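All remarks here apply to the structure that follows.
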Amino acid sequence: MKKIVHLADLHLGAKLHDRDRLAEQRLFLDWLCGLLAAERPDALVLAGDLFDVYYPPASVQQLWFDFLARVRRENLAGRVVAVAGNHDSPSALGCAGRVLDLVGVSLVAGDASADAEALRVPCADGGELAFAAIPFQRDGALRTQGGGDAAAGFRAHAAAAIAAARALAPDAPLVAVAHATVSGAAFSDAESERGRRSVGGLDAVPAEALAGADYVALGHLHLPQAVGGRDAARYAGAPLPMSFAEGAAPKSVAVAEFAGGPGEAPAVRTVPVPVFRPLRVLSGSREETVAAAAALAAENPAGPAGGAWAALSVTAGDGAFSETCRLVRDALAGSGAELVAVSDDRAADPGAAAGAPPALSVEDLRAIAPHRLAAERLAEPDLRLSEAERAELEALFPEVVA
Ligand SMILES: [Mn+2]
């Protein structure tokens, strides 16, 4: 029996509305070490977006290196197989690659050749696993590889990596690792994926390009899911919710066990990730959101990283947004729950807000909410603006936002 634990999109160092989440990320890695100690996989697979930014601060890199050291010291996985995601700098992440290789970490970042992406990992049962570890591919690189066609480029790249892995270990089950949007996959929510998908990237790479692998370990989308109708081709999903909209969906990591050789489907299961800090959205009119805040304060849910973080989204009713924010803050005061994000998501025309939902796109709403907030502030008497000045500043505000 050969075993892998598959996760992706750790986004170490990621913040939520400027709030530091290192405590949650540390708690997650501690929990993961416990899982690894129980599972003792032959490989821990990290399918990209290890970090949230190209050059994470030292405190975040420390978390990462301490984790890798613990995995080696406590022998928590036979080997770590990691690829760079679009959030990872290929050069910054990859520069320690030769040192990491000496402590059991195979890190593939940057424009690797098919041979560099092909790995063999010895397993506790005396056999081995083959890996085609494909880091995130920028659109331009895929077009170059595909003679102008990015999808063809991904097909060619994946086929070469899988063929190289197959040649390296012909009798081993083969795991393809990739950080990409695969056709047919679902997004967790528009908000969190917007900034996290590649700028200028392919909409989706063809899922069948990876069909030659016995297990496809994907990263990039934050919703845990199987793709292409195969249990053994899946996104592990981000282990921590990367936005309030993701806060309601359960998070998990995947475990795949290979009882046979190449061509035999592994048994796949998912392990739920605990909630380290509850995230709640307070949405609706002033009355509804204040009532929801009071209920949240009474419930006062907490995880090991602390009390709930709440996001206010005013979607209906009249009344100054700033006053609703104050009332919601008051309702939460003294509880462990904290308001960390506010948004006025009513339609631009207050008269329309009470009626049918306005026909506005998410983009429209995102642009309008700060505009409304600015308009409210500009109308406050302490600024002593003339009506002409107020109107001019209000008209200029969308340009600043844009
Ligand atoms: Mn990504």
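The values are calculated or read from the model by the stated rules, or taken from the named source; none is laboratory data. Quantities reported herein were computed from a predicted structural model and do not represent experimental measurements. Note: ideal-geometry Cβ built from the backbone for every residue, glycine included; neighbour counts use all protein chains shown. Heavy atoms of the whole protein, side chains included, go into the accessibility calculation; ligands, DNA and RNA do not. Shrake-Rupley method; radii C 1.70, N 1.55, O 1.52, S 1.80 Å.
Considering (1) in a loop (DSSP other than H, G, I, E, B); (2) among the charged types (D, E, K, R); (3) more than 17 Å from the chain's Cα centre (by Cα), say which one Arg70 fails and leave the rest. Result: Arg70 fails condition (1) only. Before we move on, is Gly34 more than 16 Å from the ligand (Cβ to nearest atom) and out of contact with any Phe, Trp or Tyr (no Cβ under 6 Å at 6 or more places or on another chain)? Judged against the criteria, Gly34 is a match. In region 268-288, the qualifying residues are those that are hydrophobic (A, V, I, L, M, F, W, C) and part of a loop (DSSP other than H, G, I, E, B), and the one that is surrounded by the fewest Cβ atoms within 10 Å (Cβ to Cβ) is Val275. Just one residue in the set Leu142, Leu174, Leu129 is open to solvent by less than 10 Å² (accessible area, probe 1.4 Å) and within 16 Å of the ligand (Cβ to nearest atom); that residue is Leu142.
Looking only at residues in region 236-250 that are more than 23 Å from Ala130 (Cβ to Cβ) and within 16 Å of the ligand (Cβ to nearest atom), the one that is surrounded by the fewest Cβ atoms within 10 Å (Cβ to Cβ) is Glu246. Scanning region 310-344 for residues that are crowded, with 20+ Cβ neighbours inside 10 Å and outside any strand (DSSP E or B) gives Phe321, Thr324, Val328, Ala331, Leu332, Ala337. A count restricted to region 23-51 and to residues that are in a loop (DSSP other than H, G, I, E, B) and within 20 Å of Gly85 (Cα to Cα) stands at 3.
Return a yes/no flag: does region 26-37 have any residue that is out of contact with any helix residue (DSSP H, G or I) (no Cβ under 9 Å at 6 or more places or on another chain), open to solvent by less than 10 Å² (accessible area, probe 1.4 Å), in the same structural domain as Val105 (by TED's automatic domain parsing) and more than 24 Å from Glu117 (Cβ to Cβ). Yes.
Among the residues making up region 37-60, those that are of a type outside the set (D, E, K, R) and either in contact with a Phe, Trp or Tyr (Cβ under 8 Å, 6 or more places away or on another chain) or within 16 Å of the ligand (Cβ to nearest atom) (or both) are Ala43, Val45, Leu46, Ala47, Gly48, Leu50, Phe51, Val53, Tyr54, Pro56, Val60. Scanning region 205-223 for residues that are touching a residue at least 40 places away in the same chain (Cβ under 8 Å) and within 15 Å of the ligand (Cβ to nearest atom) turns up Val205, Ala217, Leu218, Gly219, His220, Leu221, His222. Look at (1) open to solvent by less than 60 Å² (accessible area, probe 1.4 Å); (2) within 17 Å of Leu27 (Cα to Cα) and you find that Gly261 fails only one, number (2). The conditions of being surrounded by fewer than 24 Cβ atoms within 10 Å (Cβ to Cβ), modelled with pLDDT under 95 and under 24 Å from the mean Cα position of the chain (by Cα) are not met by Asp149. Condition test on Arg70, is it open to solvent by 60 Å² or more (accessible area, probe 1.4 Å), under 24 Å from Ala236 (Cβ atoms), away from the ligand (no atom under 16 Å from the Cβ) and at pLDDT below 95? In short, no.
Among residues of region 11-22 that are over 25 Å from Val83 (Cα atoms), those with a beta-carbon under 6 Å from a residue that is surrounded by fewer than 20 Cβ atoms within 10 Å (Cβ to Cβ) at least six positions away or on a different chain give the pairs His17/Val340; His17/Ala341; Arg19/Val340. Confirm whether Ala124 is part of a loop (DSSP other than H, G, I, E, B), more than 16 Å from the ligand (Cβ to nearest atom), in the same structural domain as Asp49 (by TED's automatic domain parsing) and within 27 Å of Gly34 (Cα to Cα). So Ala124 passes the test.
Go over the candidates Ala233, Ala226, Ala302, Ala291 one by one and state the one that is away from the ligand (no atom under 16 Å from the Cβ) and crowded, with 22+ Cβ neighbours inside 10 Å. It is Ala233.
When region 73-106 is filtered for residues that are part of a strand (DSSP E or B) and within 16 Å of the ligand (Cβ to nearest atom), the ones remaining, listed by number, are Ala82, Val83.
When the test is whether a residue is assigned by TED's automatic domain parsing to the domain that holds Ala47 and modelled with pLDDT under 95, Glu191 passes it.
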